[in-house]
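Each remark here refers to the structure printed beneath this line.
The values are calculated or read from the model by the stated rules, or taken from the named source; none is laboratory data. Note that the structure is a prediction, hence the values are computed from the model and not measured. Because the Cβ atoms are built from the backbone with ideal geometry, glycine has one as well, and the counts that use them run over all protein chains shown. Only protein heavy atoms, including side chains, enter the accessible area calculation; ligands, DNA and RNA are left aside. Shrake-Rupley method; radii C 1.70, N 1.55, O 1.52, S 1.80 Å.
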Amino acid sequence: MTSRSAVQEKADERGRFGDFGGRFVPETLMNALSELEAGYREALADESFQQELRRLLAEYSGRPTPLTLAENLTRITGGARIYLKREDLNHTGAHKINNTLGQGLLAKRMGKKKLIAETGAGQHGVASATVAALLGLECRVFMGEEDVRRQRLNVFRMELLGAEVVPVTSGTRTLKDATNEAIRHWVSHVEDTFYLIGSVVGPHPYPEMVKMFQRVIGDEARVQLLEREGRLPDEVVACVGGGSNAIGMFTAFLADEAVGLTGVEAAGEGVDTDRHAATLTKGSPGVLHGSLSYLLQDEDGQVLPAHSISAGLDYPGVGPEHAYLKEAGRVRYTIATDREALEAVRALSRAEGILPALESAHAVAEALKVAADRSTSDVVVICLSGRGDKDVESIRQGLEGMLHESD
């Protein structure tokens, strides 16, 4: 049996988790956010909306995704049994489709004709373009020029699906700058445009809303593990950039104090360098993209550039609920470097025949350490948030670089 935790699981009336969250936006967006919150609350209470979302998750996305016992990896590590929650097997190849189906249905219900989205690794952009095509909506995706270069295949997929991809050339030309541009566009097009945010970031109600659409990951994993093992896991591990797959996975276990929860940030080339994206590990509280959370900033409050080999984790901020869970001590946040992520890609690919996304590989890297230190009677579950097809070129270049270093 596990005891109930006092951890806050819903945003309060100010849209905050503890001290974090809220709405820090231009006056012109306040009405749009109020309209969005009202539409979201009404949809949640409407059984026909919930039925349609469940139907699409099952018939279109392919849920429930499997919970796979990684037998070979378990034998190699010699410790806890390792399970993989297979979000990589969703339609479009990542957990992002859960949220875009929910927000896409909401946009249509609210009478919006156009979707805009921001994307880093491209998975949220592909999922947004997919849902727009399905629901007959126009779609424009903002993407940093550097990420356009790194994720060329996903750019083509978005265009093939009918979306317009807008390269963003400001700043570091990555996810932060794409988000800035998406917000600027939304300010001047709120009447007919729905901003489909891809993670548990942004002003209230986005962190709460995205969490609600992603919690299906953990809810399924909990039921599946109880069926397989007759017990809850000892540890659940997920990668954290903005943090949507991690919140989706953790939510089902937040109240179970005996279940350890670990979020893994991108340490890039090391947290002692200036080339990492370890927001919770090395950042401090501040405001970014409409909410108060941890971010990478200098002593003057200027946002610092982030770095990760994974375009999806290359973001200087994090969802406000993660900031709260860190300060509440409910989730342990740690790091994995680019090198450790690449080694995890190789380990999982060779042991199980599963090529993970570089984002997910950060979780795999930490989970292998956790499992090795645990008893063979223990259970560790990894959220495998996406598949690695999109990252093959980055993986190839990274592994070749490691070989050259060892020459």
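Which residue out of SER360, SER349 is open to solvent by 20 Å² or more (accessible area, probe 1.4 Å) and under 18 Å from ASP88 (Cα atoms)?
Checking each option against the conditions leaves just SER349.
Within the stretch 284-300, can you find the residues that are in contact with a strand residue (DSSP E or B) (Cβ under 6 Å, 6 or more places away or on another chain), without any contact (Cβ under 8 Å) to a residue 24 or more places away in the chain and open to solvent by 20 Å² or more (accessible area, probe 1.4 Å)?
GLN297
In this structure, is ALA267 under 19 Å from SER360 (Cα atoms), touching a helix residue (DSSP H, G or I) at 6+ places or on another chain (Cβ under 8 Å) and not in a loop (DSSP other than H, G, I, E, B)?
yes
Only one of these is farther than 20 Å from THR251 by Cβ, aliphatic (A, V, I, L, M) and in contact with a strand residue (DSSP E or B) (Cβ under 9 Å, 6 or more places away or on another chain): LEU89, LEU56, LEU105, LEU33. Name it.
LEU89
Going by what's in this entry, would LEU73 be described as in contact with a strand residue (DSSP E or B) (Cβ under 9 Å, 6 or more places away or on another chain), touching a residue at least 12 places away in the same chain (Cβ under 8 Å) and surrounded by 13 or more Cβ atoms within 10 Å (Cβ to Cβ)?
Criteria met by LEU73.
Conditions first: (1) under 22 Å from GLY218 (Cβ atoms); (2) open to solvent by 10 Å² or more (accessible area, probe 1.4 Å); (3) in a helix (DSSP H, G or I). ARG374 passes all but one, so which condition is the exception?
Evaluating ARG374 over (1) under 22 Å from GLY218 (Cβ atoms); (2) open to solvent by 10 Å² or more (accessible area, probe 1.4 Å); (3) in a helix (DSSP H, G or I) leaves (3) as the failure.
Just checking, which of VAL141, VAL165 is surrounded by fewer than 24 Cβ atoms within 10 Å (Cβ to Cβ), modelled with pLDDT of 95 or more and closer than 20 Å to TRP186 by Cβ?
VAL165
Can you name the residue in the stretch 174-192 that is crowded, with 22+ Cβ neighbours inside 10 Å and either without any contact (Cβ under 8 Å) to a residue 40 or more places away in the chain or not charged (D, E, K, R) (or both) and, of all such residues, is farthest from ARG41 (Cα to Cα)?
Looking at the filtered set, the residue picked out is THR174.
Being in contact with a Cys (Cβ under 9 Å, 6 or more places away or on another chain) and touching a residue at least 60 places away in the same chain (Cβ under 8 Å) is true for just one of LEU313, LEU342. Which residue is that?
LEU313
Of all residues in the stretch 381-407, how many are assigned to a helix (DSSP H, G or I), within 30 Å of GLN214 (Cβ to Cβ) and of a type in the set (A, V, I, L, M)?
2
Condition check ((1) under 17 Å from the mean Cα position of the chain (by Cα); (2) within 20 Å of GLY398 (Cα to Cα)) across all residues:
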{"residue": "THR279", "(1), (2)": "yes, no"}
{"residue": "GLY286", "(1), (2)": "no, no"}
{"residue": "HIS289", "(1), (2)": "yes, no"}
{"residue": "SER293", "(1), (2)": "yes, no"}
{"residue": "LEU296", "(1), (2)": "no, no"}
{"residue": "LEU304", "(1), (2)": "no, no"}
{"residue": "SER310", "(1), (2)": "yes, yes"}
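If you scan the stretch 1-56, which residues turn out to be of a type in the set (Gly, Ala, Ser), in contact (Cβ under 8 Å) with a residue 12 or more places away in the chain and over 17 Å from PRO207 (Cα atoms)?
Scanning the stretch 1-56 gives SER3, SER5.
Do we have any residue at all in the stretch 221-228 that's in contact with a helix residue (DSSP H, G or I) (Cβ under 7 Å, 6 or more places away or on another chain) and within 19 Å of GLY312 (Cβ to Cβ)?
Taking every residue of the stretch 221-228 in turn, none turns out to be in contact with a helix residue (DSSP H, G or I) (Cβ under 7 Å, 6 or more places away or on another chain) and within 19 Å of GLY312 (Cβ to Cβ).
Of all the residues that make up the stretch 323-368, how many are of a type outside the set (A, V, I, L, M) and either assigned to a loop (DSSP other than H, G, I, E, B) or out of contact with any strand residue (DSSP E or B) (no Cβ under 9 Å at 6 or more places or on another chain) (or both)?
Total satisfying the criteria: 7.
May I ask you to list the residues in the stretch 1-55 that are open to solvent by 60 Å² or more (accessible area, probe 1.4 Å) and closer than 21 Å to VAL318 by Cβ?
GLU9, LYS10, ARG14, ASP19, ARG23, PHE24, listed by residue number.
Restricting to the stretch 132-171, and then to whatever is assigned to a helix (DSSP H, G or I) and charged (D, E, K, R), can you tell me which residue is farthest from the chain's Cα centre (by Cα)?
GLU159
In this structure, does LEU115 turn out to be under 30 Å from TRP186 (Cα atoms) and either crowded, with 24+ Cβ neighbours inside 10 Å or among the polar types (S, T, N, Q) (or both)?
yes
Could you say which residue among GLU208, GLU220, GLU227, GLU235 is charged (D, E, K, R), open to solvent by 10 Å² or more (accessible area, probe 1.4 Å) and closer than 15 Å to VAL331 by Cα?
The unique qualifying residue is GLU235.
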